[in-house]
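S.K.: The structure under discussion is supplied below as structure tokens; questions concerning it will follow.
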Amino acid sequence: MKKIAVVIQRFGREIVGGSELYALRLLEKLSNRYSFTVYTTCALDYLTWANHYPSGESRIGEIRVIRFPVRTPRNIDLFNHYMDDLFQKPSLTAEEEREWFLRQGPYSPELVEAVEREQEEYDLFLFFTYLYYPVVESLPRVHRPRVLIPTTHRERPLFLETSRSTFTLPEGVLALTDEERALMDEVYPSPKGQLRRTVGGIGIEPPEEIDLTPFLERHRPLFPYITYLGRIDEGKGVGWLVEKFREFAAHKPLQLLLVGQKNLTLPKDPRVRCLGYLSEEEKWQVLKGATLYVHPSRFESLSISMLEAMAVGTPVLVNGESPVMLGHALKSRAGLYYKGEEEFREALGWLLENPEARERMGRSGREYVRRNYSWKALLERVTEALEEVMEKTAP
């Protein structure tokens with residue numbers, strides 16, 4: 001069985017979204033084909049990178065995990081202030097770019113040293129996310145075959161000279177969507193010999209039957225409700241969503257349920273509730289019971305939660321400034337998109353007032369996910385890409 005090393009900023013079952021969730025599910029599905037060792041940090045909280053897990057070796061199912069301590073936790077308010085000032089400059093020096101990635105973190109030099117020291121043990125290295133210190137620092141030190149899954153957005157760090165190296169050095173770069181692939185090709189055209197391919201992201205597998213009774217008894221939501229799953233913070237646009245929802249629902253019997261890690265102070269308003277983390281079972285229940293799923297982020301490389309909502313027949317309303325979510329909405333006909341406050345109000349009102357349209361969108365969403373996001377097809381595409389890179393770089 002071929003051995004693959006994985007480098008990622010944090011990793012664990014407690015992480016319920018983003019590239020980390022994608023990595024976990026992908027590795028679990030591929031563990032019958034490859035032997036995985038994950039090099040990661042002890043961090044759980046992506047804002048502070050505070051050490052949470054014990055350092056050293058452990059296992060998640062068949063996956064071997066080696067954790068290294070974060071040496072410098074992050075104060076997110078100070079970091080954001082520093083970043084705002086830094087990115088006012090039209091360009092950055094190499095020293096300024098490296099300092100930014102050090103502060104971005106999670107700063108774990110022991111992780112980077114271990115990757116460099118132990119690389120000969122592996123047939124391939126798989127790097128997740130272009131944006132963080134562990135990948136940026138360790139990828140250039142690896143001389144074994146390398147594949148990057150960057151989860152790319154159109155954001156300022158993408159255009160740093162450091163990112164150019166991160167995208168052009170690996171022997172393979174895999175995009176999760178056609179929109180992400182187009183952005184990569186625009187900013188950093190594929191160098192000669194590099195495999196670059198869209199693999200389609202993650203398999204979506206809702207339960208065949210979803211009983212809402214336990215969720216209703218525990219949380220007692222008001223009906224109708226709309227929901228959002230993901231990080232509850234400004235970076236995802238949730239503050240804007242809460243504000244505009246409250247204005248829209250001022251005199252309407254409507255509730256917004258937020259699911260995920262809360263990093264935002266929410267108003268004391270019974271129409272807006274944060275349920276925190278939910279179990280896998282309850283996640284499907286809250287999505288199934290929702291009249292509508294809404295996602296306000298501009299920066300998504302796949303949007304797992306959007307696809308999960310579509311998989312259970314819940315129509316979606318998404319930020320049209322996100323090319324990936326816009327693409328899902330247009331191709332699936334499973335919902336609407338908005339660009340700006342006025343379109344948000346109009347689209348939300350129209351969806352709530354048209355149950356037949358919601359039903360039609362729900363059917364379209366289920367079919368889109370079934371057709372495009374089955375694990376069988378996705379795993380075949382990823383495996384083919386990994387094998388192709390290893391074959392091309394074999395001595």
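S.K.: Of all residues in the stretch 184-237, which are of a type in the set (D, E, K, R), over 24 Å from residue 318 (Cα atoms) and touching a residue at least 12 places away in the same chain (Cβ under 8 Å)?
M.R.: Answer for the stretch 184-237, where residues must be of a type in the set (D, E, K, R), over 24 Å from residue 318 (Cα atoms) and touching a residue at least 12 places away in the same chain (Cβ under 8 Å): 196, 197, 211, 218.
S.K.: Taking residue 337 as the residue in question, decide whether it is of a type in the set (Phe, Trp, Tyr) and buried (at least 24 other Cβ atoms within 10 Å of the Cβ).
M.R.: It is false that residue 337 is of a type in the set (Phe, Trp, Tyr) and buried (at least 24 other Cβ atoms within 10 Å of the Cβ).
S.K.: A further question on this structure: State whether the residues of the stretch 207-221 include one that is closer than 22 Å to residue 322 by Cα, assigned by TED's automatic domain parsing to the domain that holds residue 302 and touching a strand residue (DSSP E or B) at 6+ places or on another chain (Cβ under 7 Å).
M.R.: no
The values are calculated or read from the model by the stated rules, or taken from the named source; none is laboratory data. It should be emphasised that the depicted structure is a prediction, and the values quoted were computed from it without experimental measurement. All Cβ positions, glycine included, derive from the backbone under ideal geometry; neighbour counts span all protein chains shown.
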